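Let me begin by presenting the structure, written as structure tokens, before commenting on it.
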Amino acid sequence: MIFDFDQQIERRYSDSIKWNKYKGKDIIPLWIADTDFKSPKCIIDAINNRVSHGVFGYGKKPTSLVNIFIDYVQKKFNWELKPEWIVVLPGVVSGLNLSVRAFTNEYERVITPIPIYPPFRKAAKLANRDQLNIPLVLQNRRWVLDMNIVKSKMNRKEKLFMLCNPQNPGGTVYRYEELIEQLTFAQQNNLIVCSDEIHCDLVLELDVKHIPFGSLNNDAEQRSITLMSPSKSFNIAGLGASIAIIPNKYLRNKFLQARQGIVPEVNIIALVAAEAAWLHGNQWLESLINYLRNNRNFLVSQINLMPKLSMVSPEATYLGWIDISHLEIQDPITYFENYGLGFSSGLEFGNNNFIRFNFGCNRITLEKAIGRLKYALTKSDIS
Ligand SMILES: Cc1ncc(COP(=O)(O)O)c(C=O)c1O
């Protein structure tokens, strides 16, 4: 089946955060991580079907979704889950915040590699927890964790190790050996691991496979909470259906306790959307990945031809982490907005020498954005 990712869909007059930010302005939004693609027909049909029932009272614990998710994880990652390990959440960010609150106390520390998706850092701050930020290093054109740096900065108060795999914004997919090294480190320091794997479906490298942290072995399973969701891959982030996999009963109970009365159940429309995604969305997803891979290759080749800009090729996600340090501009976001480009600020992720470019858009938009970027770079003040 052919899926049309070139289709131009007007989002400016919808409730999109991404597009509303620049309403009435000629600025291409390339910031927040949702794509501009229409979700697959299987999801739209499932939602329409549920809506046409017309009664939207409280939902029950979604047994069918849990079974469908277990099946998807088994087939895709060869990880066998038990239904009682699954906690359904209305968003991955709530899972990050609950993990910090449930698994650390105010005297304990959270370890997070940076740059990182901003809510990782906010989660510690909001809960008044100290955080150890470890800069990722560039090795063989991949942003990776250097465990020796992590070890050298510890003060023995660390309790929770927060990972993002695939990494946002660096695009790294951690390999088996890297994950084992992270697990060994967690074992040696008695750490609980919270692994945000929301981008796990969006691996663009042909010879690379995502490995869930908890699937490494029984020890990894018992010390981890893994967060997944169909929201990025199928562009249903506004619906919010997400899953926390917490095999250890003690950790799961602590997590559920922290959730009580604060984080609600998932809305019933999101549940049917997630079911349809995992049951019927695979062909569409494969086609999306091909499209994104082409976008990525084009973006990376163009950026690395531009004077003073560089980026490594993200192995996954639709997010490019672009080094702009040689431009020496104080306020890159405003600078590029003046040339019609709305990027995410690297500062929010922990490094103002970078911008994040969301290439989850159609090719015409991407080419237009790259054209504007080239033009912005020809301006005399930075060339
Ligand atoms: C790594 C990561 N985690 C979580 C989220 C957001 O999760 P949710 O919208 O389900 O709260 C994002 C969105 O960009 C993300 O990149």
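Values quoted throughout were computed directly from the atomic coordinates according to the rules given, and no laboratory measurement underlies them. The model shown is predicted, which means the values in this text are computed figures rather than measured ones. Every residue, glycine as well, gets a Cβ built from its backbone with ideal geometry; the counts of neighbours run over all protein chains shown.
If only the Cβ of Lys and Arg carry +1 and only the Cβ of Asp and Glu carry -1, the dipole of the stretch 252-366 around its Cα centre is close to 260 debye.
Full-extension gain between N218 and N290, please, as 0.36 nm times their residue separation minus the C-alpha to C-alpha distance.
Stretched out fully, the N218 to N290 stretch lengthens by 22.5 nm.
Shown is the FRET efficiency for K75 and D26, computed with R0 = 45 Å from the Cβ-Cβ distance and rounded to the nearest 0.05: 0.50. The label-point distance for K374 and D207, in a model that sets each label 7 Å from Cα toward Cβ, rounds to 3.2 nm. Shape class of the stretch 176-261 from the alpha-carbon gyration tensor: oblate, with a/c at 1.5 or above and b/c at least as large as a/b.
Reducing the stretch 327-364 and the stretch 217-278 to their Cα centroids gives an inter-centroid distance of 31 Å.
Determine the percent antiparallel among the DSSP beta bridges restricted to the chain, to the nearest 5.
The antiparallel fraction comes to roughly 50 percent.
Each label was represented as a point 7 Å from its Cα along the Cα-to-Cβ direction; for E106 and D146 these points are 3.6 nm apart.
If you take the square roots of the eigenvalues of the alpha-carbon gyration tensor of the stretch 292-344 and sort them as a ≥ b ≥ c, do you get rounded (a/c under 1.5), prolate (a/b over b/c) or oblate?
On the way: a/c = 2.10, a/b = 1.60, b/c = 1.32.
Cα axes put the stretch 292-344 in the prolate bin.
Computed on the stretch 109-256, with alpha-carbon pairs under 8 angstrom and 6+ residues apart, the relative contact order is 18 percent.
Helical content alone sets the calculated 222 nm signal of the chain at -11500 deg cm²/dmol, taking -39,500 (n - 2.57) per DSSP H segment of four or more residues and averaging over every residue.
Mean separation of Cα pairs under 8 Å and 6 or more residues apart, divided by the residue count, gives the stretch 54-125 a relative contact order of 21 percent. Eigen-decomposition of the gyration tensor built on the alpha-carbon atoms of the stretch 24-103 gives equivalent ellipsoid semi-axes of 27, 22, 17 angstrom, largest listed first. Radius of gyration (Cα atoms) of the chain, expressed as a multiple of 2.2 N^0.38 Å: 0.98. Computed from backbone phi, the HN-Hα couplings of the stretch 237-252 come to 4, x, 8, x, 5, 9, 9, 10, 9, 10, x, 7, 5, 4, 5, 4 Hz, rounded to whole numbers (Karplus: 6.51 cos²θ - 1.76 cosθ + 1.60, θ = phi - 60°; Gly and Pro given as x). Each of Y339, L366, N353 was placed along the dipole of the stretch 326-383 (beta-carbon charges, centred on the mean Cα), and the one lying farthest toward the positive end is L366.
When the pairs K21/K122; K25/K308; K157/K308; K41/K209 are compared against a 32 Å limit on Cα-Cα distance, K157/K308 fall above it.
Just how many % of Cα pairs in the stretch 127-190 lie over 15 Å apart, if you round to the nearest whole percent? Of all Cα-Cα pairs in the stretch 127-190, 54 percent lie more than 15 Å apart. Amide H contacts of F359: L319, G320, each under 5 Å away and 5 or more positions distant or on a separate chain (H built 1.01 Å from N in the peptide plane; Pro and chain starts excluded). Taking the Cα centre of the chain as reference, the dipole from Cβ charges on Lys and Arg (+1) and Asp and Glu (-1) amounts to some 660 debye.
Dipole orientation for the chain: of the candidates P90, L204, Q182, P90 has the Cα lying most toward the positive pole (charges on Cβ; Lys, Arg +1; Asp, Glu -1).
How high is the relative contact order of the chain, given as a whole-number percent (alpha carbon pairs under 8 Å, six or more residues apart)? Relative contact order for the chain comes out at 23 percent. Ranked by how many other Cβ atoms sit within 10 Å of their own Cβ, fewest first, the residues E337, E84 fall in the order E84, E337.
Over all other residues within a Cβ to Cβ distance under 15 Å of G57, the charged ones net out to +2, with Lys and Arg as +1 and Asp and Glu as -1. The tail of the calculated P(r) for the stretch 180-317, taken as Cα-Cα distances beyond 28 Å, holds 34 percent of the pairs. Judged by the ratio a/c of the largest to the smallest principal axis of the C-alpha gyration tensor, the stretch 1-147 counts as oblate, that ratio being 1.5 or greater while a/b is no larger than b/c. Distance between the C-alpha centres of the stretch 295-315 and the stretch 139-201: 25 Å, rounded to the whole angstrom.
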